[in-house]
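Trainee: Attaching a single structure in structure tokens format; questions to follow.
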Amino acid sequence: MRKQRFLTALLVLFTMGQAWAWGGFAHRTVAEIAERNLTPKAKANIERYTGGTPLADYSTWMDSKKNPEHVKKAMRGWHASIVDDKCRTSQEIRDKHRNGRDAVTGLLEFERVFKQREKMSDSVVLFAIKCIVHMVGDMHCPAHIRFTDFENQGKFPVRLYGKKTTMHSIWDTAALTRSHRGWKYQDYAAKLDTLPKGKAKRITRGWVEDWLEESGRVVRPTIHKVKRGDKLGDEFMAWGYPLAESQAQKAGYRLAKVLNKFFK
């Protein structure tokens with residue numbers, strides 16, 4: 001029943017309108033790492049729908065301000081997910097705290113409906129690809145991991161090297177881009193896509209719920225380290241940048257696993 005409701009919602013949402021988190025640099029980097037690690041079969045199956053357009057070009061579609069408001073509202077919950085204070089997740093937790101509108105639940109629903117991918121229209125599959133590429137990235141961003149006892153999204157004001165911003169914006173963009181000014185996302189993806197096969201395999205063990213719980217355990221120690229009005233600089237970047245980079249790297253390899261499974 002849940003699968004049928006989700007598929008129906010996809011069809012309705014897609015026909016209502018379309019247009020062309022982590023910020024764009026991070027999302028494109030994650031997508032590029034994933035594309036570099038697709039199996040030949042998955043790559044060919046995906047290109048049937050994308051026409052060879054790089055996945056990075058779709059990676060920020062869910063954030064596009066050009067999307068109609070009703071489309072943005074319908075997808076809004078898919079940008080984050082939630083764990084409890086022990087960094088555990090379950091459908092019960094996600095239903096209770098986010099009404100089942102979260103990245104992990106969305107990916108699990110996509111997994112179910114993709115078992116009948118050949119019965120779906122090409123436009124709906126392409127819509128799903130755009131969402132999946134973004135959702136896997138977002139569920140690894142420190143600003144998009146919620147806790148049942150601490151749902152603050154980090155949208156409080158701080159200063160980074162003297163400039164006014166928010167903690168959410170730092171995690172979405174500045175934590176990575178400040179250290180890579182002038183870099184193209186392809187270059188950064190090449191830098192991160194260097195893990196030995198054994199380590200990459202360990203990173204991608206399990207499935208989306210396991211990855212969220214692991215991300216929760218990594219992020220939770222940081223949620224009280226920055227407070228409203230803090231002035232951040234080198235001390236923050238010393239721990240914030242490695243965390244953001246590690247999460248982006250994991251997201252890239254894990255997105256490849258999701259796409260390889262869905263398009264095998």
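The values are calculated or read from the model by the stated rules, or taken from the named source; none is laboratory data. Bear in mind that the values here come from a model prediction, so they are computed numbers and not experimental data. Every residue, glycine as well, gets a Cβ built from its backbone with ideal geometry; the counts of neighbours run over all protein chains shown.
Trainee: Suppose we filter the range 88-124 for residues that are among the basic types (K, R), within 19 Å of R254 (Cβ to Cβ) and surrounded by 17 or more Cβ atoms within 10 Å (Cβ to Cβ); how many remain?
Mentor: Total satisfying the criteria: 1.
Trainee: Can I ask one more? State whether the residues of the range 155-169 include one that is over 26 Å from A56 (Cβ atoms), in contact with a helix residue (DSSP H, G or I) (Cβ under 6 Å, 6 or more places away or on another chain) and of a type in the set (D, E, K, R).
Mentor: Yes, some residue in the range 155-169 is over 26 Å from A56 (Cβ atoms), in contact with a helix residue (DSSP H, G or I) (Cβ under 6 Å, 6 or more places away or on another chain) and of a type in the set (D, E, K, R).
Trainee: Residue pairs, Cβ under 9 Å, 6 or more apart or interchain, first in the range 33-54 and under 23 Å from K115 (Cβ atoms), second of a type in the set (D, E, K, R) and in a loop (DSSP other than H, G, I, E, B). List them.
Mentor: Close Cβ pairs (under 9 Å, with a partner that is of a type in the set (D, E, K, R) and in a loop (DSSP other than H, G, I, E, B)) amount to N37/D193; T39/K264; K41/K264; A42/K264; N45/K264.
Trainee: Can you tell me which of A190, A248 is surrounded by fewer than 20 Cβ atoms within 10 Å (Cβ to Cβ), modelled with pLDDT of 95 or more and of a type in the set (G, A, S)?
Mentor: None of the others qualify; the one that does is A190.
Trainee: Restricted to the range 39-70, and to residues that are closer than 20 Å to T173 by Cβ and among the small types (G, A, S), which residue is modelled with the lowest pLDDT?
Mentor: Once the filter is applied, the top-ranked residue is S64.
Trainee: Which of the residues spanning the range 147-169 are small (G, A, S) and over 18 Å from the mean Cα position of the chain (by Cα)?
Mentor: G162
Trainee: Could I ask something else about it? Within the range 204-222, identify whether any single residue is out of contact with any Pro (no Cβ under 7 Å at 6 or more places or on another chain) and of a type in the set (S, T, N, Q), and answer yes or no.
Mentor: yes
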